[in-house]
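Asker: Structure in structure tokens, see below.
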Amino acid sequence: MTVKKFLDNFEEYFCVWTMAIMTILVFIQVVMRYVFSNSLSWSEELARFIFLWLSWIGASYAVKERSHFRVEMFANMIKGSCRRFFEYFVLVVWFVFSFILTWLGTELVVFIYDTGQSSAAMDIPMTWPYASVPVGCGLMCIRLLIEMYKIYKGEQVGSEKEQEELEEMI
């Protein structure tokens, strides 16, 4: 596997592995609780932290796959070059929002680091779970820039691409 392929698919690999780890962890917790009547004190907290990372990195992966939920009613009424401008505008607004989340998330992580907060059950620094926000949003910013570049280069966007893929299937 090349480095480029790994970096291009990093989010996918990360999400698959964290989902598997979280599923196994929760399964073990359920078995411990209901079969052995004894639960692990740290498993729920770890599963929650893994879920945070899975969610934010998964949001970046969804940008790459163009699979975020969208309301297409208004966008489908726009045709031609206006549609391309509209899609570009949406990506710019989304990028600004993600960049702000990255910035403020980083400030929050630094604040939490300075206060020395740690988790209750595992006693790990709370900077680790909170760092999922700036890391995930930073990756989302990178993916959004790539999507903007694709629009700039003239790649089909939105329903145009979906319509062409549907015609190929038929």
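The values are calculated or read from the model by the stated rules, or taken from the named source; none is laboratory data. The structure presented is a predicted model; accordingly, all values stated were derived computationally and were not measured. Glycine gets a Cβ as well: all are built from the backbone with ideal geometry, and neighbour counts include every protein chain shown. Surface areas here come from the heavy atoms of the whole protein model, side chains and all, with no ligands, DNA or RNA. Shrake-Rupley method; radii C 1.70, N 1.55, O 1.52, S 1.80 Å.
Asker: Could you identify which residue out of CYS15, CYS141, CYS82 has the top mean-square fluctuation in a GNM of the chain using Cα springs shorter than 10 Å?
Answerer: Result for the chain, Cα springs under 10 Å: CYS82 fluctuates most.
Asker: Just grab the label-to-label distance for SER39 and PHE97, each label 7 Å out from Cα along the Cβ direction, in nm (one decimal).
Answerer: In this crude label model, SER39 to PHE97 measures out at 3.5 nm.
Asker: Run the simple label-point estimate for MET19 and ASP123 please: 7 Å along Cα→C-beta, distance reported in nm.
Answerer: Using points 7 Å along Cα→Cβ, the separation is 3.5 nm.
Asker: How much length is gained if the chain between MET77 and TYR113 is pulled fully straight, taking 0.36 nm per residue apart and subtracting their Cα-Cα distance, in nm to one decimal?
Answerer: 8.1 nm
Asker: If you build a Gaussian network model of the chain, linking Cα atoms that sit under 10 Å apart, which residue out of VAL30, VAL63, VAL110 swings the most?
Answerer: Result for the chain, Cα springs under 10 Å: VAL30 fluctuates most.
Asker: Tally Lys/Arg at +1 and Asp/Glu at -1 over every other residue whose Cβ is under 14 Å from the Cβ of ARG143; what's the total?
Answerer: It works out to a net charge of -2.
Asker: Oh, and also: So, in Å, what gap is there between the alpha-carbon centers of the stretch 3-45 and the stretch 121-158?
Answerer: Each part's Cα centre sits 22 Å from the other's.
Asker: Take the solvent-accessible surface of the protein heavy atoms, probe 1.4 Å, and return the percent of it on the chain that carbon and sulfur atoms account for.
Answerer: 70
Asker: Moving to a separate point now. Before I look further, what does the chain give for accessible area per residue, probe 1.4 Å, in whole square angstrom?
Answerer: Using a 1.4 Å probe on heavy atoms only, each residue of the chain averages 68 Å².
Asker: Please sort 111-120, 18-27, 83-92, 67-76 by packing, taking for each peptide the average over its residues of neighbouring beta carbons within 10 angstrom, highest first.
Answerer: 83-92, 18-27, 111-120, 67-76
Asker: Oh, and also: Using 0.36 nm per residue of separation minus the Cα-Cα distance, give me the extension gain between GLU155 and VAL3 in nm, one decimal.
Answerer: 52.2 nm
Asker: Only four residue types carry charge here, +1 at the Cβ of Lys and Arg and -1 at the Cβ of Asp and Glu. Report the dipole size of the chain about the Cα centre in Debye, rounded to the nearest 20.
Answerer: 160
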